[in-house]
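Q: Take a look at the following structure, please.
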Amino acid sequence: MSREVCVHSWPCSYYLEPEKRWVPGKLSLTSHSLRFTTDKTGEALVSFPLSSVIEIKKEASHFVFSSITVLEKDHLKHWFSSLQPSRNAVFTIIEHFWRELLLSPSEAPLPVTKGKQLTGLMACSQKRLEETARVLHHQGEQLDSITKGLDKMESDLDVADSCCSRCLSK
């Protein structure tokens with residue numbers, strides 16, 4: 001990975017399973033690999049090729065930290081949390097490079113038909129659309145709540161204004 005150009009890097013924390021603790025550092029992505037280095041020592045704690053990844057997911061840890069998990073072929077699971085600017089932004093970029101690597105003809109051992117590629121892309125698009133719909137629904141509920149709060153404040157201000165008007169007219 002050291003010879004590859006870094007596409008992007010993000011401040012985050014990595015869960016060090018043997019020590020049962022989160023380690024602050026930086027997650028770096030190249031077109032073919034991921035690497036986590038610690039802030040304290042600059043040591044690379046994990047580094048692996050994207051071709052060894054079998055799953056990338058958005059999850060929450062036991063302590064309700066929103067995280068990205070990366071599962072390798074040997075069933076080793078890596079947890080990354082406190083991602084900046086956001087978990088969704090980092091997930092989207094990493095997933096993009098991982099999928100590009102999966103779909104690249106030079107890396108695929110067996111030829112994949114265009115139909116299978118399109119079906120896979122359609123399924124991913126549908127999943128993204130469903131996730132986006134859930135997020136938009138949640139944001140709509142937040143906006144409704146904000147609107148109700150503003151309406152209540154406006155009503156309270158109207159009451160206060162009428163009380164002040166009566167007091168001043170006396």
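Q: Kindly list, by first and then second residue, each pair from a residue in segment 52-67 that is closer than 17 Å to Pro24 by Cα to a residue that is modelled with pLDDT under 85, limited to pairs with Cβ atoms under 6 Å and residues at least 6 apart or on different chains.
A: Hits for this filter: Ser66/Ala60; Ser67/Ser61.
Q: With in contact with a Lys or Arg (Cβ under 8 Å, 6 or more places away or on another chain) and surrounded by 16 or more Cβ atoms within 10 Å (Cβ to Cβ) as the only criterion, which of Ser52, Ser28, Ser66, Ser33 stands out? Let's see the steps before the verdict.
A: Values: Ser52 fails: surrounded by 16 or more Cβ atoms within 10 Å (Cβ to Cβ); Ser66 fails: surrounded by 16 or more Cβ atoms within 10 Å (Cβ to Cβ); Ser33 fails: in contact with a Lys or Arg (Cβ under 8 Å, 6 or more places away or on another chain).
The unique qualifying residue is Ser28.
Q: Out of segment 1-16, which residues are open to solvent by 60 Å² or more (accessible area, probe 1.4 Å) and free of Cβ contacts under 8 Å to residues at least 40 places away in the same chain?
A: Selection gives Ser2, Arg3, Glu4, Val5, Cys6.
Q: Quick one: which strands (runs of 3 or more DSSP E) lie wholly within segment 1-48 and hold at least 2 residues that are within 19 Å of Ser86 (Cα to Cα) and in contact with a helix residue (DSSP H, G or I) (Cβ under 9 Å, 6 or more places away or on another chain)? Give the steps one after another, and end with the answer.
A: Numbers: elements: 8-16, 21-29, 33-38.
Here the list reads 8-16, 21-29.
Q: For segment 105-120, name all the residues that are within 20 Å of Glu55 (Cβ to Cβ), small (Gly, Ala, Ser) and modelled with pLDDT of 60 or more. Walk me through it before giving the result.
A: Taking segment 105-120 and keeping what is within 20 Å of Glu55 (Cβ to Cβ), we get 107-110, 112, 116-117, 119-120.
Right, trim to small (Gly, Ala, Ser) and you get 108, 120.
Scanning segment 105-120 gives a single hit, Gly120.
Q: Same structure again: Is it fair to say Leu102 is under 24 Å from Thr30 (Cβ atoms), open to solvent by 70 Å² or more (accessible area, probe 1.4 Å) and either modelled with pLDDT under 85 or in a helix (DSSP H, G or I) (or both)? Break it down into steps so the answer makes sense when it comes.
A: Values: under 24 Å from Thr30 (Cβ atoms): yes; open to solvent by 70 Å² or more (accessible area, probe 1.4 Å): yes; either modelled with pLDDT under 85 or in a helix (DSSP H, G or I) (or both): yes.
The answer is yes for Leu102.
Q: Could you give every pair whose Cβ atoms fall below 7 Å, whose first residue belongs to segment 107-124 and is surrounded by 10 or more Cβ atoms within 10 Å (Cβ to Cβ), and whose second residue is modelled with pLDDT under 75, counting only separations of at least 6 or pairs across chains?
A: Pairs found: Gln117/Leu103.
The values are calculated or read from the model by the stated rules, or taken from the named source; none is laboratory data. None of these values were measured; they are calculated from a predicted model. Positions of Cβ are backbone-derived with ideal geometry, glycine not excepted, and every protein chain shown enters the neighbour counts. Heads up: the accessible areas ignore ligands, DNA and RNA and are worked out on the full protein's heavy atoms, side chains in. Shrake-Rupley method; radii C 1.70, N 1.55, O 1.52, S 1.80 Å.
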